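Everything below concerns the one structure shown next.
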Amino acid sequence: MPNRTDAHAGYAAVFGVRLPAMDHILSLDQGTTSSRAILFDREGRVVRTAQREFRQHFPHPGWVEHDANEIWQTQQAVMREVVDGLPQGVAGVAAIGIANQRETTVLWDRATGEPVAPAIVWQDRRTADQCATLRERGQAGWIQRRTGLLPDAYFSATKLAWLLDHVPDARARAAQGELAFGTVDCWLVWKLTGGRVHATDASNASRSLLFNLRTLSWDPELLRLFDIPAAVLPRVVPSSGVLGETDPLLLGAAVPIAGLAGDQQAALFGQACFSPGMAKNTYGTGCFMLMNTGAQPVTSQHQLLSTVAWQGPPDLAHRTAYALEGSVFMAGATVQWLRDGLQIIRSADEMGPLAASVGDTGDVYLVPAFAGLGTPDWDGHARGTLVGMTRGTTRAHIARAALEAIALQTADVFGAMAGDSGIELKELRVDGGASRNDLLMQMQADFLGVPVVRPRITETTALGAACLAGLATGFWQGPLEMAARWSTDRRFEPQLAEGERQRRLARWRQAVERAKGWAQS
C-alpha cells in the first residue's frame, strides 16, 4: 500500500496547491472502562484528547460483560471529537494506532457486523472450572510451552469456546465461516474498515491460549484442545504495518490503520524499552510489569507469563520481541480500600502526605491479598493481612505500609523475572496514575535496588500505539528517533543500604507467608 504521506506530497506537487500537513497520529486507547482518543504531534506531544466511559455488566457472580457495540460507539465518538477539533480536520492525520484491553472476547456475524452475544471481559471467571480441569489433567506445562501462558479463565480461548457452546447454532456457523472472533483491537479494525479487514496483531494473539509463540501462528493442536474452528479466527499481522484503511465515511477520508498492540505491550513500546532487560511497570488498579527478553520467548519457572511484545518495525534489533509479564492485583485498589473500607483517608491525594508523616512503618506490613496473590505466588486462597501492629501503630503507619506493599509486590515480580531471564534489571520505567506519587517511587527504587525513572509523557499506552503506526507510515523514521524523544521527568535513585534492603524484603516474605492459604483454614 502506498505511503499516504508520499501520496499527499505528490498530489500537491502535480496540482500546484498547498495542502494541510499531516502532522498528527491518532491513537485509539480502548480500555476496560472507557474509550479514549489522543492526537500526538511529530514531537510525540499530546495535542488533543477525549474520553468516554461505557457500562460494565455483571449478569452473574464472577461474570463481567461489555456491549461491543457500545465500545464501538464510544470509540467512534471520541475519535471524531479529536479529529474534528483539528483546524485541518482529518487531513491532518497521517495514521491510526490502536491499543486495547486484552483478552476480552467478541464474536460477531460477518454478514451483518453485529455481535451475537455480549463480549466476555478479561476479568470474567465463568470458565475457571474448565481451566482447573486442564490443570488437573496435567496439561498446564504443555500449554505453557506452546503459548507462554498458564491455563486460566483470564485468556480468550475458553471464553470463545463458551460462546460457541452457548449461543444457538454458533459452533456450526463458526465452522462454516459465518462468524468472526476477535479481541477488541480486531473488533475495532473490523468496524473502522467497514468489515473489510478481519485481523489482529501478534501481541494480542499471544494472549489467546491459541497462538504458538515459536511458530507465531495459530496452533492446530491448541485449536483441537479447545474445540475452536479455524474459520472463526482473524489473520495475524505485524504490530507495526499498514493493515487497511478506515471507511472514508467515518472521518471524511480514508486513513491508514498502521499500529496494533495490547495495552501493556503498547506501554512497553511507548516507554522505548527496545533492548532486552529494559522494563516498565504500570501503576493502576493493579500493577502490570513487562520486561523485554529479546528475540526468543522465555519459559517461566516462576509462574510469570511469556508473551509477544510486538512484531516490527523491521529496523528494530529484533523483528519479533518477546516479554516476560507479571501482575499485582492490588496497587491503586489498596489505596481505594484505605479510603472506602477503613476510611482512614478521604481522598487518594491524602495518601502521600499521611504516609510521609512517619519515618517508617514501625515494622508493620500490609499484605493486600484481598483477591488472592498474583505473581509469583498465585495463591487464590490468600487473604489480606496486617501484621506487626503495637499500641503505637497509627493510621499513618498503616498508610505507609500500604504504599510499601505496592513497591514490595513489584520487587517480588522483578526478582522472579531476573530468575527466569538471567537478566538483572538496570532501571525501571514507570507510568500510570500512582507513578505520580514521589514517595512510592522512592520506595520502589529502594526495594528494587535500581533507579526508577518517570517519563515526561505518561500517556505511554497511547503513545506506544501511535509510535507503532508512525514508524509504519514514515511519520517517524525509526526506533532511535523514538528513544531520543523519550525524556525523563524525574529519576529516583536507591537510598536504602543493601543489607537493610535484604532485611526488609525477607521481613516482607514472612508477612506474605502468614497471608497464604487463609481462605482454606
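The values are calculated or read from the model by the stated rules, or taken from the named source; none is laboratory data. Here the structure is a predicted model, which is why all the values come from computation and not from measurement. Using ideal geometry, Cβ is built from the backbone for each residue, glycine included, and neighbour counts are taken over all protein chains shown. Side chains included, ligands, DNA and RNA excluded: accessible areas come from the protein's heavy atoms. Shrake-Rupley method; radii C 1.70, N 1.55, O 1.52, S 1.80 Å.
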Residue list for the range 101-130, filter: of a type in the set (Val, Ile, Thr), in a loop (DSSP other than H, G, I, E, B), touching a strand residue (DSSP E or B) at 6+ places or on another chain (Cβ under 7 Å) and open to solvent by less than 20 Å² (accessible area, probe 1.4 Å) = 104, 121
By residue number, the members of the range 251-265 that are among the small types (Gly, Ala, Ser) and open to solvent by 10 Å² or more (accessible area, probe 1.4 Å) are 252, 253, 254
If you check every pair at least six apart or on different chains, which have Cβ atoms under 9 Å apart with a residue in the range 320-341 that is farther than 30 Å from residue 212 by Cα first and a residue that is of a type in the set (D, E, K, R) second?
-> 338/395; 339/346; 339/350
Unmet criterion (only one of (1) crowded, with 17+ Cβ neighbours inside 10 Å; (2) part of a helix (DSSP H, G or I)) for residue 223 | (1)
Is it the case that some residue within the range 178-187 is touching a Phe, Trp or Tyr at 6+ places or on another chain (Cβ under 9 Å) and surrounded by fewer than 19 Cβ atoms within 10 Å (Cβ to Cβ)?
-> no
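Could you please find all residues in the range 362-396 being among the polar types (S, T, N, Q) and buried (at least 16 other Cβ atoms within 10 Å of the Cβ)?
Selection gives 375, 385, 393.
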Could you check residue 492 against (1) hydrophobic (A, V, I, L, M, F, W, C); (2) under 22 Å from the mean Cα position of the chain (by Cα); (3) under 18 Å from residue 432 (Cβ atoms) and say which number it fails?
-> (2)
Scope the range 306-323; condition open to solvent by less than 10 Å² (accessible area, probe 1.4 Å) and either at pLDDT below 90 or closer than 15 Å to residue 374 by Cβ (or both); matching residues | 312, 313
Contact list, first residue from the range 444-465 and within 13 Å of residue 490 (Cβ to Cβ) and among the charged types (D, E, K, R), second anywhere and in a helix (DSSP H, G or I) and open to solvent by less than 10 Å² (accessible area, probe 1.4 Å), beta-carbon distance below 9 Å, six or more apart or interchain, is 454/435; 454/441
Looking at (1) open to solvent by less than 30 Å² (accessible area, probe 1.4 Å); (2) of a type outside the set (A, V, I, L, M); (3) without any contact (Cβ under 8 Å) to a residue 40 or more places away in the chain, can you tell me which one residue 84 breaks?
-> (1)
Would you point out which residue out of 275, 239 is crowded, with 21+ Cβ neighbours inside 10 Å and either touching a residue at least 40 places away in the same chain (Cβ under 8 Å) or touching a Gly at 6+ places or on another chain (Cβ under 6 Å) (or both)?
-> 239
Scanning the range 352-361 for residues that are assigned to a helix (DSSP H, G or I) and either touching a helix residue (DSSP H, G or I) at 6+ places or on another chain (Cβ under 6 Å) or modelled with pLDDT of 95 or more (or both), the one least open to solvent (accessible area, probe 1.4 Å) turns out to be 355
If you check every pair at least six apart or on different chains, which have Cβ atoms under 7 Å apart with a residue in the range 120-140 that is free of Cβ contacts under 8 Å to residues at least 40 places away in the same chain first and a residue that is part of a loop (DSSP other than H, G, I, E, B) and of a type in the set (D, E, K, R) second?
-> 131/152
Would you be able to say whether some residue in the range 386-396 is of a type in the set (D, E, K, R), touching a residue at least 12 places away in the same chain (Cβ under 8 Å), in a loop (DSSP other than H, G, I, E, B) and more than 26 Å from residue 123 (Cα to Cα)?
-> no
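Please tell me if residue 400 is in contact with a helix residue (DSSP H, G or I) (Cβ under 6 Å, 6 or more places away or on another chain), open to solvent by 10 Å² or more (accessible area, probe 1.4 Å) and at pLDDT 95 or above.
Details: in contact with a helix residue (DSSP H, G or I) (Cβ under 6 Å, 6 or more places away or on another chain): yes; open to solvent by 10 Å² or more (accessible area, probe 1.4 Å): yes; at pLDDT 95 or above: yes.
It is true that residue 400 is in contact with a helix residue (DSSP H, G or I) (Cβ under 6 Å, 6 or more places away or on another chain), open to solvent by 10 Å² or more (accessible area, probe 1.4 Å) and at pLDDT 95 or above.
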Answer with yes or no whether residue 394 is among the polar types (S, T, N, Q) and touching a strand residue (DSSP E or B) at 6+ places or on another chain (Cβ under 8 Å).
-> no
Free of Cβ contacts under 8 Å to residues at least 24 places away in the same chain, more than 22 Å from residue 122 (Cβ to Cβ) and under 26 Å from the mean Cα position of the chain (by Cα) - does that describe any residue in the range 308-316?
-> yes
Would it be correct to say that residue 326 is open to solvent by less than 30 Å² (accessible area, probe 1.4 Å), under 13 Å from residue 421 (Cβ atoms) and outside any loop (DSSP other than H, G, I, E, B)?
-> yes
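Tally time: how many residues in the range 153-177 are among the acidic types (Asp, Glu) and crowded, with 21+ Cβ neighbours inside 10 Å?
0
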Enumeration of residues in the range 428-450 that are hydroxyl-bearing (Ser, Thr, Tyr) and modelled with pLDDT of 95 or more | none
Keeping to the range 278-291, report how many residues are assigned to a strand (DSSP E or B), touching a residue at least 60 places away in the same chain (Cβ under 8 Å) and open to solvent by 10 Å² or more (accessible area, probe 1.4 Å).
-> 1
Considering the range 426-465 alone, what residues qualify as being of a type in the set (S, T, N, Q) and open to solvent by 10 Å² or more (accessible area, probe 1.4 Å)?
-> 437, 442, 458, 461
Within the range 24-38, which residues are polar (S, T, N, Q), open to solvent by 20 Å² or more (accessible area, probe 1.4 Å) and in contact (Cβ under 8 Å) with a residue 24 or more places away in the chain?
-> 32
